[in-house]
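Novice: To start, I am sharing the structure in question, which I have written as C-alpha cells.
Bear in mind these aren't lab numbers, they're just calculated from the coordinates by the rules spelled out. Keep in mind that this is a model prediction, so the values were computed, not measured. Here Cβ is always computed from backbone atoms with ideal geometry, including for glycine, and neighbour counts include all displayed protein chains.
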2 protein chains.
Amino acid sequence: MSFDPCGILGKSPALTQLFKILEKVAPTDTTVLVTGESGTGKELLVRALHKNSPRHKGPFVPVNCGAIPKELLESELFGHEKGAFTHAIRSRPGCFELANGGTIFLDEIGELDLSLQVKILRVIQEKEFERVGGTQTKKVDVRIVAATNRNLEEEVKKGNFREDLFYRLNVIPIELPPLRERGEDILLLANFFLEKFCTLKNRPPLSFSPEVKELLLNYSWPGNVRELENFMERISILCENERVEIEDLPEKILKEQGLNQPKPQKTEAFTFPSLQDMLQLKMDLKTFLETIENKLITEALEESKGVKNKAANILGIKRTTLIEKIKKKEL
Amino acid sequence: MSFDPCGILGKSPALTQLFKILEKVAPTDTTVLVTGESGTGKELLVRALHKNSPRHKGPFVPVNCGAIPKELLESELFGHEKGAFTHAIRSRPGCFELANGGTIFLDEIGELDLSLQVKILRVIQEKEFERVGGTQTKKVDVRIVAATNRNLEEEVKKGNFREDLFYRLNVIPIELPPLRERGEDILLLANFFLEKFCTLKNRPPLSFSPEVKELLLNYSWPGNVRELENFMERISILCENERVEIEDLPEKILKEQGLNQPKPQKTEAFTFPSLQDMLQLKMDLKTFLETIENKLITEALEESKGVKNKAANILGIKRTTLIEKIKKKEL
DNA sequence: TGTAAAGTGTCAAATAGATGACTTAAAGTC
DNA sequence: GACTTTAAGTCATCTATTTGACACTTTACA
C-alpha cells in the first residue's frame, strides 16, 4: 500500500514527506538523485527504494565511486576482459552487469571523472556499454540511483560535472535532510540503536535522563545517523547504570554545548593532600583517610538528598557497601 | 575480576582511568581505536586488551600498516592466491585469516589508502573478504583493534580517510596520554626497565639519585616510553656505579632542563578534598582514596629516605602493613 | 670483629570490608 | 486496586587487609 521504510529511517515530517515522493517513484524506472550530508543514510533510503520497487527481487548493487581508486573504477563498474591491463588475469563482470534486472546505486557520483561520466551517460541513455579491453557491446536492464554529498549544480558550473549527465540523473531529486533538522528522529533513532546494541550485548535496555535527551537534541550531529549509531554503541558498552546520564555522553557532545563541567565553582586547581597536611593534623594514615572518606560520603548524601542509592552511585561504590560504611561510621 | 595490564604500562590516574574503560570493553567484540603519540605503548595496551578478552586463547596478530609498502599491504592483510601477481608463486593466507578467532591489531591505520579502507570496512561489517587474486569469499571471526598517531577526524575532513570507516572503528576511542603527562609512571617505568636490563646483563640492580629522579620527571620525553626504555638500556651499560648520577644521563635530558618550573610553595591552609574534586577527576571513592594513600606513602618514604620502618612510623601504621601496601601497589 | 640494634621479608591467622541474593517498604503508574 | 519501579535493610559468603611471629640481613660502634 504505502512505502515501507525497511528498517528505521525516521518519522519526522521531513521524512514522511520524502516517503510520499518515494512511494510514487518506486514503481517506476526513473533515475533518482539523492543528496544529503554523509551519514544521513542515503544508502538505506535507496535500499528501501529498491525493495519497494518491482525490481525488488533483482540484485541491489551499491558502488561507492569515491572510495575506489580512479584507475580501478571503470573496471569495477563495467568489468574487464582478460589481459585488459597488468593485473587482469581473467575476465570479470562489472557492477552494471551484476546489477542486471535490479538496481545499481552509484554513491558519491560527484567524484566520477569526466571520462567515466560519459560512459555512465551512455548506460543511462542506451542501456549499453563495453567492458574494459572488450569489444563486445553489452546491454543491461538496470535502474540507476545516484547519490552525492556535493552540490552537483555547482560542480556543473565549475566544469567538473557534465551538464547532460546531471540532468539525466536529476530527474527526481531527493534531498535527505541532516539529522539536526529532524528533531523528532533523533530520539527515535537513539532509542532504536540503543535498544539494538543492548539486545546484541545481552544487557537490559537503557533509558535516557531528561537532561541527556535535551543534549542529544541540541547537538549538531555532523556525522548524522552514523555518528548517532556510533555514540549509542559506545554508551551501550560504557554506561554502567540503567539510565544514561550526562556523564555517560561522549565529550564531544558536551563540549559543543559549552557545558564542559557542570559546576565550575571552584577556580583553584585541586591538589591532593600532602603528608605535611596529615602530620599537621596529627593524624595517622588510617584516621586521615577515614576522615576524608567520611567527608566525601556526607557530601554525596547531601548531593543525593539522602537517597543512599544515588549517593552510592555518585561515589562509585555498591549501595550495600555504602550502607555498611554508614553503619560502621555512625554517620 | 579487574583489568590486568599484563606487564607494565603504568599506574597514573590517567591510566587507571583507561583501565576502567578497557575492563568494560575487553569482554565485548567491539572495535576499539587507540590514539596516542608514537612510543606511548599502544601495542602493549592492545595486547593487554586481547589478553583480558574472551579471545585470549586465540591469536593476536599485529600489523603495522604504515611499515608495509602499499603494494604488499593488501596481500599481507588478506593473503593472495597463486599467480595473483608476479611474485605470488604460491597461495598465502593473510593476517585476517591468521587472526581468526582472535584479535587483529591494525597499527597506523591512518596510513591505509582508500581502496584498502573499503576492504577493511567490509571485514568489519560483513566479516568477509577475498584474497588478492582470489574469487572465493572468506569468512572470519576477528576482533579488530586499530591505532594511529594521526588525528583521524582531520584526515576524514581532508578526505584521506573514509568517514564510515572512521565511525566503525571509533566506537570506543581510547586516548593514551604521552609519558610527560603521566608523572607517576615515569619513575615506575624507569625502575622497571632499568631492572630488566640489569638482570638481562647480569649486573646488580641500579638505583637513581634524587637529582636524577628530578631530572627524569622534568624531561619532556618526546619519544615516550620507547625513549625511556632506550635511555635505561644505555644507562645499564654505561653507568659504572651502583647509583645512577646526573653525569650518567644522556645529554639530551640535561640540555632540556632550562625549562624548569619552580615548585609552587603551598601557603594556603589545608582543606580536605571535596566531593567535587573527586568527581572532577572522574574517580570513584576507592580510587580516590587509594590515590591519596599512594601519595602519602610515597611522601613518607621520601621523608624517611626509603627506610620503611621509619616511613611506617610517620604514617602511624605497622611496618608490615606498609610493606604489604607497597607490594600491592607496586610503588 | 663481635654483638646489639635496626631493618627486611614472608607467612598464616585474624580481622575487616565488599558484594550478591533475598526480603520488605514506599512511591509511582495504569 | 493491581502492578511496576525504586529504595532500603539484612545476612551469608567471599575477598582483601592487617598484623604478630619468625627468620634473616644490614648497620653501628665498642
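Novice: Using every alpha carbon pair in region A:112-164, what percent of pairs falls into each 5 Å bin from 0 up to the bin containing the largest distance?
Specialist: Percent of pairs per bin, in order: 4, 17, 24, 24, 14, 11, 5, 0.
Novice: Follow-up. Based on DSSP, what percent of beta bridges with both residues in chain A are antiparallel, to the nearest 5?
Specialist: Restricted to chain A, the bridges split so that about 20 percent are antiparallel.
Novice: For the charge dipole of region B:13-177, defined by +1 on Lys and Arg C-beta atoms and -1 on Asp and Glu C-beta atoms about the Cα centroid, which residue among B:22, B:133, B:98 has the Cα displaced farthest towards the positive pole?
Specialist: In region B:13-177, that residue is B:98.
Novice: Can you figure out the FRET efficiency of residue B:214 with residue A:240, using R₀ = 51 Å and their beta-carbon distance, to the nearest 0.05?
Specialist: On the way: r = 40 Å, r/R0 = 0.78.
For residue B:214 and residue A:240, the calculated efficiency is 0.80.
Novice: Got the relative contact order for chain B handy, in percent, Cα pairs under 8 Å and 6 or more residues apart? Intermediate values should be presented prior to the final figure.
Specialist: Details: 464 pairs, mean separation 57.0, N = 331.
Value for chain B: 17 percent.
Novice: Another question, then. Could you calculate the FRET efficiency of residue B:320 with residue B:29 from 1/(1 + (r/R0)^6), where r is the beta carbon distance between them and R0 is 60 Å, rounded to 0.05?
Specialist: So the FRET efficiency works out to roughly 0.85.
Novice: Just to compare against my own numbers: the Cα pair-distance distribution for region A:90-227, 5 Å bins, whole % per bin, please.
Specialist: Pair shares across the bins are 2, 8, 14, 14, 12, 11, 10, 10, 9, 7, 4, 1, 0.
Novice: How many Cβ atoms of partner chains, on average, are near each residue of B:166-174 if near means within 10 Å of its Cβ? If you can, show how the numbers build up before the last one.
Specialist: Numbers: counts 4, 12, 4, 1, 5, 9, 5, 5, 0.
Across the residues of B:166-174, the mean count of other-chain Cβ atoms within 10 Å is 5.
Novice: Further question: Using Cα centres only, tell me the gap between region B:139-212 and region B:283-331 in whole Å.
Specialist: 28
Novice: Treating only the Cβ atoms of Lys and Arg (+1) and Asp and Glu (-1) as charged, compute the dipole magnitude of chain B about its Cα centre; round to the nearest 20 debye. Walk me through the numbers before you get to the answer.
Specialist: Values: 49 positive and 50 negative charges, 209 e Å.
Approximately 1000 debye in magnitude.
Novice: To the nearest 20 Debye, how big is the dipole of the protein assembly as shown about its Cα centre, given +1 on the beta carbon of each Lys and Arg and -1 on that of each Asp and Glu?
Specialist: The calculation lands at about 1840 debye.
Novice: Now, a different point. What are the residues whose amide H is under 5 Å from the amide H of residue A:172, where those residues sit 5 or more places off or on another chain and H is modelled from the backbone?
Specialist: A:33
Novice: So what is the orientation-averaged projected area of the protein assembly as shown, using the convex hull of its C-alpha atoms, in nm²? Write out the running numbers ahead of the final one.
Specialist: Values: hull surface 144.6 nm².
The number I arrive at for the protein assembly as shown is 36.2 nm².
Novice: Mind checking B:279-286 for the average number of partner chain beta-carbons within 10 Å of each residue's beta-carbon? Walk me through the numbers before you get to the answer.
Specialist: Numbers: counts 11, 6, 2, 2, 2, 5, 13, 5.
Average per residue, whole number: 6.
Novice: Averaging sequence separations of C-alpha pairs under 8 Å and six or more residues apart, then dividing by the length of region A:275-329, give the relative contact order as a whole percent.
Specialist: Details: 24 pairs, mean separation 11.0, N = 55.
Relative contact order for region A:275-329 comes out at 20 percent.
Novice: Kirkwood hydrodynamic radius, computed over distinct alpha-carbon pairs, for chain B: how many Å, to one decimal? Don't jump to the answer; show the numbers that get you there.
Specialist: Details: mean 1/r = 0.0439 Å⁻¹.
Kirkwood hydrodynamic radius for chain B: 22.8 Å.
Novice: Peptides B:186-193, B:34-41, A:319-326: what's the order by average Cβ count within 10 Å, highest mean first? Mind dumping the intermediate values first?
Specialist: Values: B:186-193: 19.5, B:34-41: 21.1, A:319-326: 14.6.
Ranked by mean Cβ neighbours within 10 Å, highest first: B:34-41, B:186-193, A:319-326.
Novice: Please list A:45-58, B:124-137 highest first by mean number of surrounding beta-carbon atoms within 10 Å per residue.
Specialist: Numbers: A:45-58: 19.2, B:124-137: 14.9.
Top of the packing list down: A:45-58, B:124-137.
Novice: May I pose another question? Straight-line reach from residue A:51: which lysines have Cα under 21 Å away, leaving out those fewer than 8 places along the same chain?
Specialist: Straight-line reach from residue A:51, under 21 Å: A:11, A:20, A:24, A:42.
Novice: For region A:13-177, what proportion of DSSP beta bridges, expressed in % and rounded to the nearest 5, is antiparallel? Spell out each step's value before the answer.
Specialist: Values: 5 of 23 bridges.
Here the share of antiparallel DSSP bridges comes out near 20 percent.
Novice: Averaged over peptide B:296-303, how many Cβ atoms belonging to another chain are found within 10 Å of each residue's Cβ? The partial results should precede the final answer.
Specialist: Values: counts 10, 2, 1, 7, 4, 1, 1, 3.
Counting other chains' Cβ atoms within 10 Å and averaging over B:296-303 gives 4.
Novice: Translational diffusion coefficient of region A:41-132 at 4 °C, 1.567 mPa s, Stokes-Einstein with Kirkwood Rh over Cα pairs, in µm²/s as a whole number. Walk me through the numbers before you get to the answer.
Specialist: Values: Rh = 13.8 Å.
Rounded to a whole number, D works out at 94 µm²/s.
Novice: Is the C-alpha gyration tensor of region B:275-329 telling us rounded, prolate or oblate? Criteria: a/c under 1.5 is rounded; beyond that, a/b larger than b/c is prolate, otherwise oblate. Please report the intermediate quantities before stating the final value.
Specialist: Numbers: a/c = 2.97, a/b = 2.22, b/c = 1.34.
Prolate, since a/c reaches 1.5 and a/b exceeds b/c.
Novice: Using only the Cα atoms, what convex hull volume per residue in Å³ does region A:1-52 have? Present the calculation step by step, with values, prior to reporting the outcome.
Specialist: On the way: hull volume 4.2 nm³, N = 52.
It is 81 Å³ per residue.
Novice: Compute the distance in nm between two label points, each set 7 Å from the Cα along the Cα-to-Cβ direction, one at residue B:199 and one at residue B:151.
Specialist: 4.1
Novice: For a quick check: sort A:232, A:283 by the number of other beta carbons within 10 angstrom, fewest at the front. Provide the component values of the computation, followed by the final result.
Specialist: Values: A:232 23, A:283 16.
Ascending number of Cβ neighbours within 10 Å: A:283, A:232.
Novice: Show the residues, 5+ positions off or on another chain, whose built amide H is closer than 5 Å to the amide H of residue B:143.
Specialist: B:102, B:103, B:104
Novice: Next up: Which value, in debye to the nearest 20, describes the size of the charge dipole of region A:17-142 about its Cα centre when Lys and Arg Cβ atoms bear +1, Asp and Glu Cβ atoms bear -1, and nothing else is charged?
Specialist: 460
Novice: Treating the point 7 Å from Cα along Cα-beta-carbon as the label, what are the nm separations from residue A:307 to the other copies, to one decimal?
Specialist: When each copy's label point is compared with this one, the spacings are 5.4 nm.
Novice: Eigenvalues of the Cα gyration tensor times 5, then square-rooted: what semi-axes does that give for region B:184-240, in whole angstrom, largest first? Mind dumping the intermediate values first?
Specialist: Numbers: eigenvalues 66, 31, 18 Å².
Computed over region B:184-240, the values are 18, 12, 10 Å.
Novice: Same structure again: Take the alpha-carbon positions of region A:13-177, form their convex hull, and give its projected area averaged over all directions (one quarter of the hull surface) in nm².
Specialist: Values: hull surface 37.6 nm².
Answer in nm², one decimal: 9.4.
Novice: Sticking with the crude label model, points 7 Å out along Cα→Cβ, report the distance from residue B:180 to residue A:113 in nm, one decimal please.
Specialist: The modelled label-to-label distance comes out at 4.4 nm.
Novice: Of B:204, B:221, B:183, which is farthest towards the positive pole of chain B's charge dipole, taken about the Cα centre with +1 and -1 on the beta-carbons of Lys, Arg and Asp, Glu respectively?
Specialist: The one lying farthest along the dipole's positive direction is B:204.
Novice: Right, something else. What is the extension gain from residue B:207 to residue B:135, computed as 0.36 nm multiplied by their sequence separation minus the C-alpha to C-alpha distance, in nm to one decimal? Working shown, then result.
Specialist: Working: separation 72, 0.36 × 72 = 25.92 nm, distance 6.03 nm.
Contour length minus Cα-Cα distance gives 19.9 nm.
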